[in-house]
1. State the number of residues belonging to region B:461-494 that are surrounded by fewer than 20 Cβ atoms within 10 Å (Cβ to Cβ), over 37 Å from the mean Cα position of the chain (by Cα) and either among the polar types (S, T, N, Q) or not assigned by TED's automatic domain parsing to the domain that holds B:Gly441 (or both).
2. Surrounded by 15 or more Cβ atoms within 10 Å (Cβ to Cβ), within 14 Å of chain B (Cβ to nearest Cβ) and out of contact with any Pro (no Cβ under 8 Å at 6 or more places or on another chain): is that true of A:Ile221 in this structure?
3. Starting from region B:556-576, keep only residues that are touching a residue at least 24 places away in the same chain (Cβ under 8 Å) and closer than 23 Å to B:Leu179 by Cβ, then list their pairs with residues that are in a helix (DSSP H, G or I) and open to solvent by less than 70 Å² (accessible area, probe 1.4 Å) whose Cβ atoms are within a distance under 8 Å, requiring at least 6 positions of separation or different chains.
4. Answer yes or no: is there a residue in region B:615-630 that is of a type in the set (S, T, N, Q) and outside any helix (DSSP H, G or I).
5. On the basis of being closer than 30 Å to B:Ile181 by Cα and either among the β-branched types (Val, Ile, Thr) or at pLDDT below 80 (or both), does B:Ser495 make the cut?
6. If a residue must be open to solvent by less than 20 Å² (accessible area, probe 1.4 Å) and under 30 Å from B:Gly136 (Cβ atoms), how many such residues does region B:49-76 contain?
7. Between B:Arg345, B:Arg366, B:Arg359, B:Arg433, which is open to solvent by less than 10 Å² (accessible area, probe 1.4 Å) and among the basic types (Lys, Arg)?
8. Would you confirm whether any residue within region B:377-387 is out of contact with any helix residue (DSSP H, G or I) (no Cβ under 7 Å at 6 or more places or on another chain) and within 26 Å of B:Asn536 (Cβ to Cβ)?
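The values are calculated or read from the model by the stated rules, or taken from the named source; none is laboratory data. Owing to the predicted nature of the structure, the values given are computational and were not obtained by experimental measurement. Methodologically, a virtual Cβ is constructed for each residue, glycine included, from the backbone with ideal geometry; neighbour enumeration extends over all protein chains shown. Surface accessibility is based on the protein's heavy atoms, side chains included, excluding ligands, DNA and RNA. Shrake-Rupley method; radii C 1.70, N 1.55, O 1.52, S 1.80 Å.
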Amino acid sequence: MQTQIQQAVSQISHVILGKEQEIKLALTCLVAGGHLLIEDLPGMGKTTLSNALATVFGLGFSRIQFTSDLLPADMLGVNIFDSQRQAFSFHPGPLFQQVVLADEINRASPKTQSALLEAMEEHQVSLDGETHELPSPFFVIGTQNPQHQAGTYPLPESQLDRFLMRIQLGYPNWQAEKDMLKQPRQKDVRPLSPVISPAALLELQQHLDEVHASDSIIDYILRLVTFSRESEHFPNALSPRASKALLQSARSWAMIDDRDYLIPEDVQAVLPAVAEHRLRSTLTDHPTQTSLSQLLLEQVDPLAA
Amino acid sequence: MNRLNPSAYNHAHLLLTLVLCASSFTLFTPLQTWILILVGCAGIIRISLFLNWQKHQISVRTINLLAILSAIVLATFGWQLGLLLGMLNLLALACSLKLMLLANRRDYFQLIGIQFFLIGTGLVFNQSILFSLLYGMLTLMLLLSLAFHISPSTSWRAQTMRIAKMSLQALPLCLMLFLIIPKLGPMWQMPVGKGSETGLSDKVTPGDLAQLARSSELAFRVSFEQQVPAMNQRYWRALVLEEFDGKTWQTAPYRDTLRRRYQRTNNRFNPAVSGPRIDYQVLSEPSQKPWLFGLDVAISHDSKIWQGREYQLLSRFPLQSGIAYKVSSYTQSPLLPDIEVLDRRLNLQLPESGNPRTRQWVKALREQHKTEGELIKAVSEYFIQQDFRYTLNPNPMPVDPVDQFLFEEQAGFCAHYAGAMTYALRLAGIPARMVTGYLGGEMRGDAYMSIYQYDAHAWVEWLSEDGWKRLDPTALVSPLRLDFGLQQAVAYEDSFLADSPLRRLQQFAWVNEFRMLLDDMDYLWSKWILGFNRDNQEDVLKALLGELSTLRLTIAGLALVAITAILLALYHYKHWLVLAKKTPAYYYARSLKLLDDNGITRPHWMGPEDFSKQVQQSMSTDISHIFEHITGCYLQSCYARGGNTKTQGLNQRMRTLLNQLKQGLKKKKSSVRDAQRIDNIS
């Protein structure tokens, strides 16, 4: 299993150069069964990453480009009257795929946003009194531009909370970008091959709870969230849902590292991705250089008995 | 902006509010009324927030406006209050505003801190046993509030038990500090509170003393060591008034100047004394005045006490709190004038005009009686022969008071008699002065004597060839006053404590009993708690240790420390045992300490594996390898499944690894040292 995930990481690394850590986090999120929010400027490879993720796991993939006039029906699907059967039949929308890339999620109207987020939470879609199950595994990758760009509806805190992780890709380093530019043009769209089957992914997800979290590690997580609640540095404190997300992601990270127990480093590795978007306030412009989660990490001793 | 209500059903906030209101209202003399009203408002706001009648806090803007207004008012009216009262008012004002604003933890803790301070300040102004109990209770309430702040959902009962337990634990420490910490005098000069003055004043218009005599407040207490002098001999001298302007008697300004000069040069007055001696201790109540009390000729060797040149005793500072001092009185010793010329000059001073009838009368008397003794006798006779009355309700005599008193009213209080007599003697060319103080005192069993404000008295002193002689014209008019006290002396007009509710209650025996009991308690409180000074401290230590020597004190101190340490050890030993138990975490901490000593410190937020990697980068492979193993064991025991079941084996391994690490580091150190030495040699 370890080797398969390593393979997946190296496969995707061929497409997105110099971003192993972010790729690993994205995989962690997928294994943990949560949804992923990628936040970055245009042209950083958000779409490429999600496409690659879907391909590597051999999952069905669809992409919804969010615009301000996108309606919920465009995404969920519609009931159309079938004149032969004299009945309505449901035509599923692009959401009914295993990996859904919701591109530029903050450009859509709040109504559409909340329809998507509801589907993410419930794993099902209700339309005209009928409930339609979404496929499994169901993995939404939302991307969003930094909010100070024009024409955006920032996601409220309550909806940001639905995303297990939020990562930023950031600019590639000198060497990676040089390599990218030197690649021949046709290699840029090199086809990836599936490494892990969807069934294997589901199995991984089911074994997640077997990763042992000792009391020491749970205490560490509790110290972290308590600190965020008691300190005055953080606009928003970490909720119990956040602490659950933290444990879940850390487990997934440990599993990818092929370890059957958690150590503080697992928590520390996933904390920035899990906590940053929950800690900061959506109201204020957030300068990216001061990372709240980093601040939180540096205040809490993982060993304190 | 309206903010949500943080106080709804918040017991911590409620208790804080109650304590703030209570402690402010006990300070109602030093605090200004409008500030008390603000405090009251803040209390009402907080309580209605607590009951959730009101759902929203007052907006910050309103409070800011209120704060600016109050600051202006305080700045306008508060500047004449003096530093301490001004600060106290400012503090109470700030407290009330903060209480209205109280929203987050920081506000709360600030208020708690200030509350403790305010309670301390309260003890500066009120020191009686009841107030002390009240302040003690307020302190407990504050602690309770803190307890509720920390664990809001615990029940009242459990919280109270917890606080009671903790306070009991603090009690021995408190007692020890009380007995051992040296008593320091106040480090600041206290401003005099307005309106709170009772007791003798350095200016006496004869009607004043009659006013004072309506008060049943305690003036001071005395405990005698030997026999108690007779009632009519207990003239407690407080002030000598030598300056007369026709209406008012006051201390001579020149005497004050002189005294200050002596005090600066620390030139103490040591009157020659002889004859039998009475020793006693005086416990004075706070009076905001510096003068003290003693029977003539009173000598005190206490360093706090200044021996006045007119045979009175003075404190170096106005009495903010009660003071206890020892006095020896030489009752038969003459009161020789310090500088006779000065005494003569000061005590023959007269206003230039006024009281013409008295002037004429004395002139006539002087022509008849040439010697001093005869003249005094003649004046005394006038008092006896005429129908003079001793009364607590003299009529006001605004114009030429001596004339009016001697020839028209013929009824007055002791100050009237003393004033008229002194004036008459001075007119006749005999140096005389008025002395005020107290006469008598009520004995309580054999233990102590209480002297109340209604024992206030004034008498005359004239300068004879062998010193100052006491002359009490009141005795001529009302011998009862001397032998049985004021109550008997004015029994005929039924004016004793006429306004006091106590008087009506005095008819019931049990009320008297109860009052006596309270008196006794108050006496013990003043003597042992308030009056506990360095002398008492030494007495207690002597009683405990025998003769005081450095060695004994050292041993006693060390023994105390040792006992405390042993008690602490007994209390905590279980906890320590757990710590000392060798767990993998313990070995890991040891290895971290070792590395720390060698210059590699784990940033406190770093996880063990990351730190192991950091060690790999900065240490040689053999050491980092050992540490990697230690880290591995630690991770195994702390984080892996079932880690704490196999600690036995892990402990064994970690001990070996730790020793290896120790040796490795030592070797590295010595090799570095060798390298340095080689460098030095070369």
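1. 1
2. Values: surrounded by 15 or more Cβ atoms within 10 Å (Cβ to Cβ): yes; within 14 Å of chain B (Cβ to nearest Cβ): yes; out of contact with any Pro (no Cβ under 8 Å at 6 or more places or on another chain): yes.
Here the answer is yes, as A:Ile221 does meet what is asked.
3. B:Leu560/B:Met176
4. Let us first name the residues in region B:615-630 that are of a type in the set (S, T, N, Q), namely B:616-618, B:620-621, B:624.
With the extra rule that they be outside any helix (DSSP H, G or I), the set shrinks to B:620.
Checking region B:615-630: at least one residue is of a type in the set (S, T, N, Q) and outside any helix (DSSP H, G or I).
5. Values: closer than 30 Å to B:Ile181 by Cα: no; either among the β-branched types (Val, Ile, Thr) or at pLDDT below 80 (or both): yes.
So B:Ser495 fails the test.
6. Of the residues in that region, 1 qualify.
7. Working: B:Arg345 fails: open to solvent by less than 10 Å² (accessible area, probe 1.4 Å); B:Arg366 fails: open to solvent by less than 10 Å² (accessible area, probe 1.4 Å); B:Arg359 fails: open to solvent by less than 10 Å² (accessible area, probe 1.4 Å).
When all the criteria are applied, what remains is B:Arg433.
8. Narrowing region B:377-387 to residues out of contact with any helix residue (DSSP H, G or I) (no Cβ under 7 Å at 6 or more places or on another chain): B:377, B:381-382, B:385-387.
Going one step further and asking which of them are within 26 Å of B:Asn536 (Cβ to Cβ), we end up with none.
The answer is no, given that none of the residues of region B:377-387 is out of contact with any helix residue (DSSP H, G or I) (no Cβ under 7 Å at 6 or more places or on another chain) and within 26 Å of B:Asn536 (Cβ to Cβ).
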